[in-house]
Amino acid sequence: MKRSGFRQPVRERQRTVHTPIPEHLRRKAVMVSDMGNPISAIEKENAVRSEAYRRLVAARPCIHCGIHGHSQAAHADQGKGGHIKSDDRTCYPACGPRVGHIGCHALIGMTGIMPREERRALEQKYAEQTRAEIIRSGLWPKNLEHLEE
């Protein structure tokens, strides 16, 4: 296209319409065969969402390396899958990426350096410690039920 001093007309972007997924489909993880046919459906638990709790978790220092100011609310892997996050009450503070460091969030959850059983045990331990510290500090959100251990 030839360049000129005149501004190009602004074209309106096409908007994608997102249709909400029906409730009965959203809570199931469906396994599909090679032929594209559903094999079975596995009912998923209702994961609790709490932005207030995630913010409390992210405000804490990294539970793995102890650095302050870089934490994210890291969800445990147990219960994830099929576009379903695990329960927010299983979050623990893990530092995110920064210059010169991959971050404990990625180190624990994505690098594959730990066997799955070891990683899940570590995540469960970290989540329990985080919940206990938040309860002890008296900051547990009032409208959030406690997780049964």
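The values are calculated or read from the model by the stated rules, or taken from the named source; none is laboratory data. Everything numeric in this text was worked out from a predicted model, so none of it was measured. Reconstructed Cβ throughout: ideal geometry from the backbone, glycine too, with neighbour counts over all protein chains shown.
Looking at segment 119-149, which of its residues are among the polar types (S, T, N, Q) and in a loop (DSSP other than H, G, I, E, B)? Step through it out loud before you land on a result.
Our first condition is that a residue be among the polar types (S, T, N, Q); within segment 119-149, this holds for 124, 129-130, 137, 143.
SER137, ASN143 - these are the residues of segment 119-149 that are among the polar types (S, T, N, Q) and in a loop (DSSP other than H, G, I, E, B).
If you scan segment 102-112, which residues turn out to be at pLDDT 85 or above and either farther than 20 Å from ALA59 by Cβ or assigned to a helix (DSSP H, G or I) (or both)?
ILE102, CYS104, HIS105, ALA106, LEU107, ILE108
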